[in-house]
């Protein structure tokens, strides 16, 4: 057992000597760590920042303790930043204060800050955040719609520079799951339905974030959700118990591994398994975070992956989310106690418990000899080594003043807007309505009048207009709780009122319908009524109007099939790509203007 009586005066500080090999520094540090300090490494949870870049006293809505309690009281050093900050400087100042807090502890182990995606339009506390001060780009499905690996790598390089400017050093992305089940709620953050494209773009994403050589300028990527989270039964998401089953009626388990192989070849350093439990395969029917046959047998042994594995959030303990109680996502092992679940996760081959924040549970298991300290050291080495490689022991601080100049710079914002324009896919264009010519009279819904006024004359009614532009969101079903409704699931059919409204407007004036396709909606009735239909995956009104008026070319192409009916969706196999009968539009479809 480690020496819990070691004091600061007794420390061998050679682990701070950058002239020594990193593996030697890791062993020097590890030998001096107490059980509590080792246990703290294993917990990677959400953290809040205070207003104006100050430390936070916690957030009861999300069940978060104060920054000081996490870092000093619980010896935790890995955190996922929750929420949106007004400025990059605020994040940077908070990060520096958090690092100062970490430096005040006995060993001074620096904190590693991670984040879900922050560069697009979607705000889902379980998946991604609004861009805020960062440059704004299409969602990953929109990046996939460009079919351009160089553009994706450039995005990731810019995002890397913005993340490192504020002290974020781990990206909890890319998400290279295949969008093979059209109803699935998480496909917006994927690269679509095609395994080859997802692998190509996932590898480009990793190269951009991690750089040519992994080191002090890198952001470590945590690719998810191994071994592929797309084949969800009925398209329901395993954040919730009714979506816990992943099914493979088409026998395509291996196909979903293909994008991960490309990421491994590109040097991806971390992996997050999904919540789902595989049904009817050779693998144990338990959630992937508990699944030794998947994490050790498949990931560690077959693919030779020796990087960090962090479970998805909330596998061990029941926790409230947004005022509602949610059970732990311990699918297949619901009968186990939290301690038994923790043992099973470690035995499976994972290194960190995502979303958990009680190291005392692991400490008790070690002290009771239910988890060996040798097993703990295996993961602790990986976690410490990553901090050393990222240069956090040399300099964990950032320049808060420079952060505001780097993050969201004019250059980066321009690149993001160019990508938005490149991602827009024109699906139909009856009578060559597009591009709109001259300075037309425009009736708009979902576009502010000031922006639309730069492209034409905004009028109050369709009858007055030369063209109407309506912006819609792909449909989804309302669920019981606020958190569930962040995950758009259920039927892909537009409601009758929406279709009737499009028909009514289109009966008065040539009408363009722009649809945010976070899922591949049933567009047949919309395409029949409208004169032009375009698809987007995160685009501001100005970028959209640039394409609609011909100021920018239309180049986007679908990253998935668009099905012809819900009956075709329900009859398709969730693990098989391009499996809906007679799709309305095929993968790769997109008209040029």
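The values are calculated or read from the model by the stated rules, or taken from the named source; none is laboratory data. Remember, predicted model here, so these are calculated numbers, not experimental data. Cβ placement follows ideal geometry from the backbone for every residue including glycine, while neighbour counts extend to all protein chains displayed.
Observations on the model:
- Taken across segment 71-85, residues that are over 19 Å from residue 167 (Cβ atoms), at pLDDT below 95 and part of a helix (DSSP H, G or I) do not occur at all.
- Taking the numbered list (1) touching a strand residue (DSSP E or B) at 6+ places or on another chain (Cβ under 6 Å); (2) under 29 Å from residue 375 (Cβ atoms); (3) surrounded by fewer than 21 Cβ atoms within 10 Å (Cβ to Cβ) in turn, residue 311 passes all entries but (3).
- Strands (runs of 3 or more DSSP E) lying entirely in segment 237-287 (those with 3 or more residues that are crowded, with 22+ Cβ neighbours inside 10 Å): 270-273
- Of the residues in segment 192-203, at least one is in a loop (DSSP other than H, G, I, E, B), modelled with pLDDT of 95 or more and closer than 27 Å to residue 242 by Cβ.
- Residue 400 under 30 Å from residue 593 (Cα atoms) and under 29 Å from the mean Cα position of the chain (by Cα): no
- Only one of 371, 407, 378, 398 that is under 29 Å from residue 285 (Cβ atoms), in contact with a helix residue (DSSP H, G or I) (Cβ under 7 Å, 6 or more places away or on another chain) and either at pLDDT 95 or above or crowded, with 19+ Cβ neighbours inside 10 Å (or both): 371
- Only one entry in 489, 527, 521 is within 23 Å of residue 581 (Cβ to Cβ), at pLDDT 95 or above and not in a helix (DSSP H, G or I), namely 521.
- Of all the residues in segment 515-536, those that are more than 19 Å from residue 192 (Cα to Cα) and either buried (at least 22 other Cβ atoms within 10 Å of the Cβ) or in contact (Cβ under 8 Å) with a residue 40 or more places away in the chain (or both) number 7.
- Across segment 204-221, the number of residues qualifying as in a strand (DSSP E or B) and either crowded, with 24+ Cβ neighbours inside 10 Å or modelled with pLDDT under 95 (or both) comes to 1.
- If only residues of segment 549-593 that are without any contact (Cβ under 8 Å) to a residue 40 or more places away in the chain and more than 26 Å from residue 434 (Cα to Cα) are counted, the one that is surrounded by the fewest Cβ atoms within 10 Å (Cβ to Cβ) is 582.
- In segment 335-368, the residue that is nearest to residue 70 (Cα to Cα) out of those that are free of Cβ contacts under 8 Å to residues at least 12 places away in the same chain and surrounded by 14 or more Cβ atoms within 10 Å (Cβ to Cβ) is 340.
- The set of residues in segment 161-185 being outside any strand (DSSP E or B) and closer than 26 Å to residue 386 by Cβ consists of 161, 162, 163, 164, 165, 166, 167, 172, 173, 174, 176, 177.
- Flag for residue 24 being in a helix (DSSP H, G or I), without any contact (Cβ under 8 Å) to a residue 12 or more places away in the chain and over 30 Å from residue 409 (Cα atoms): yes
- Residue match in segment 503-511 (condition: touching a helix residue (DSSP H, G or I) at 6+ places or on another chain (Cβ under 6 Å), crowded, with 16+ Cβ neighbours inside 10 Å and part of a helix (DSSP H, G or I)): yes
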